[in-house]
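What follows is a set of notes on a single structure, which appears directly below.
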Amino acid sequence: MPGTANAASRLGTFAATTAASALAPEVAVKAAICLLDSLGLAVAARDEPTAMAARAMTTQVVPGPRTARIWADGKHASLSEAVLANGIAVHAHFQDDTDHDSWTHPGSLIAPVAISLGETLDAPLRSVLNGLAAGYSTLKWLGADEAVARGLIGRGVRTSPTFGTIGAAAAGAALLGLDAARAANAIAIAACTTGGTLEPVRCGSDEWRVQNGRAAHGGLIAAELAARGVQGAPDALEGPKGLLRSLAGLDLVPDAWLRAPDPATMIGIMAKPFATLGDNMSAVLAAHLLHRDRIDLSRIRRIVVTIWRPYTEYPGTSFKGPFTRTVQTQASTAFAVAAMLRYGRLDYDMGVEHRQDPEIMALVEKTTVEPDDVGTHLDATVEIEMGDGARHRRTAKDAPRTLIFQDEARATEVFESRLAGSGSPAGAASRLAAEVFASVRKDGSMPIRAVLDRLAGSQ
């Protein structure tokens, strides 16, 4: 690709450089945390209908060249089928991690390519982590402090699959060891073959899970095509008919796009402790604290939820029923807060088993969501007014920071919970996590196949 002034070339150079560089220790640990989060989610969601349908569409094969495992059951499929199925599974419970700047869920977009391609290539853990860092950081760079993300959302384009194909291509380019020129072609091919609408999130249908799996698959394809000499449009991102103008409706190139991405930005990736839309997470954290305060729910007169204004405007967040589909409950701010107040948990099964729960619905009816023009995406307040006029108020900032920004201990705890809940022997996941983190701190030489062998053996 000619020159170095365009965005695709800049991203291609970044992917090639990241692949060949040692990650800062804190970035490597963060990448390992994200890796465990994605693997655990895929296993935990193996019985979700869309994930099951995706697995049913794959062809089981004998392990060999260009094969990779389906994480949910340990069986082998072709590399491309495994990436698609794994991406759908990681996203299936709507609990994969979040990048604020790009409004994406990187775990279901990047991890399937980095891990599955790493398995095919028999790569060490450090190479997979480098690929994760390349993909995650590309997503954050593309988001450009929300400017491009909001442009896409305003036109009904979903950010996760749209940015995700490109981020997945960056991860694939890093794992394949593409030089800067071929990595730039991978980025360009991905940018010209990406997209997805917000309609499934708005109405509560199922294909939003497929969107992220297809994005991961599309990124893999883009990287592999580029490795074989296929060329992409040089100005795929900022050209007259490129992604920026055509999909986001923006004429000016963001200032962030004039600088190279930074792997350290991956530190800002947020985990999702609860199975709800990321827009609701801060409000649910506040509601979780109120549940622990043991308030008599029968005496509640009114619930006021205050969250960052853009979250109140996202499709599906204002919906208050009737809830006929699981995703409607996961998008609804009022349902998320009410369910947390009632049960003290908010997992995927909540939207399956309790979407018509009369106690939840009574609380939903009493809930008002108000936009906040002062706070940030991490701010939210839930205030409860009782029948006697007493008030109880909690904020998201009162919750432990490690719920969102996981450390090793919290990541291990979550990984253990997900695998144990799926039938793994007690302690098996914790031991695997400890081995992964130990390898990261040493030299990252642990083969990714060994990680997946252990994962499959624990099921």
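Just a few scattered comments:
- Whole-number percent relative contact order across the chain, with pairs defined as alpha carbons under 8 Å at least 6 apart: 19 percent
- Share of pairwise Cα-Cα distances greater than 44 Å in the chain is 9 percent (whole percent).
- For the listed peptides 82-89, 52-59, 211-218, 240-247, a ranking on the average number of other beta carbons within 10 Å per residue, highest first, reads 82-89, 211-218, 240-247, 52-59.
- Of the trypsin sites (Lys or Arg not before Pro) found in the stretch 266-334, those that fall in a DSSP loop while having at most 13 other beta-carbon atoms within 10 Å are R294.
- Taking θ as phi - 60° and the Karplus parameters 6.51, -1.76 and 1.60, the scalar couplings of the stretch 167-183 work out to x, 5, 5, 4, 4, x, 4, 5, 5, 6, x, 5, 6, 4, 5, 6, 4 Hz in sequence order, x denoting glycine and proline.
- Anisotropy class of the stretch 138-265 from Cα gyration tensor, a/c 1.5 cut: oblate
- Values of log10 I(q)/I(0), in the order q = 0.15 Å⁻¹, for the stretch 168-223 under a Debye, Cα-only, solvent-free model: -0.46
- Long-range HN-HN contacts of R301 with modeled amide H, under 5 Å: E385, M386, G387
- Inverse of mean 1/r across different Cα pairs in the stretch 7-268, Kirkwood, Å: 17.4 Å
- The HN-Hα couplings worked out from phi for the stretch 306-323 by the Karplus form 6.51 cos²θ - 1.76 cosθ + 1.60 (θ = phi - 60°) are 10, 9, 3, 3, x, 5, 5, 9, 6, x, x, 5, 8, 5, 10, x, x, 8 Hz, whole numbers, x standing for Gly and Pro.
- Residues Q356 and A260, FRET efficiency given R0 of 56 Å [Cβ-Cβ distance, rounded to 0.05]: 0.65
- Taking the C-alpha atoms only, the angle from helix 207-227 to the longest principal axis of the chain is near 20 degrees.
- Semi-axis lengths (Å, descending) of the ellipsoid that matches the C-alpha gyration tensor of the stretch 219-327: 42, 18, 16
- The stretch 78-151 - Rg over Rh from alpha carbon coordinates, Kirkwood radius: 1.02
- Stokes-Einstein, applied to the Kirkwood radius of the stretch 278-402 over Cα pairs at a viscosity of 1.567 mPa s and 4 °C, places its translational diffusion at 92 µm² s⁻¹.
- Temperature 20 °C, viscosity 1.002 mPa s: under these conditions the Stokes-Einstein estimate for the stretch 97-201, based on its Kirkwood radius over C-alpha pairs, is 158 µm² per second.
- Eligible lysines near K442 by straight Cα distance, threshold 29 Å, same-chain separation 8 or greater: K30, K140, K272
- Folded to 0 to 90 degrees: helix 333-343 orientation relative to the chain principal axis, Cα: 70 degrees
- The stretch 111-205: trypsin sites (Lys or Arg not before Pro) in DSSP loop, at most 15 other beta carbons within 10 Å: R155
- Phi-based couplings in Hz for the stretch 415-423 (Karplus 6.51, -1.76, 1.60; Gly and Pro marked x): 4, 4, 4, 5, 6, 4, x, 9, x
Throughout, read-outs are computed from the coordinates displayed, never taken from laboratory work. What you are looking at is a predicted structure, and each value in this text was computed from that prediction instead of being measured. Note that we place each Cβ from the backbone using ideal geometry, even for glycine, and neighbour counts take in every protein chain shown.
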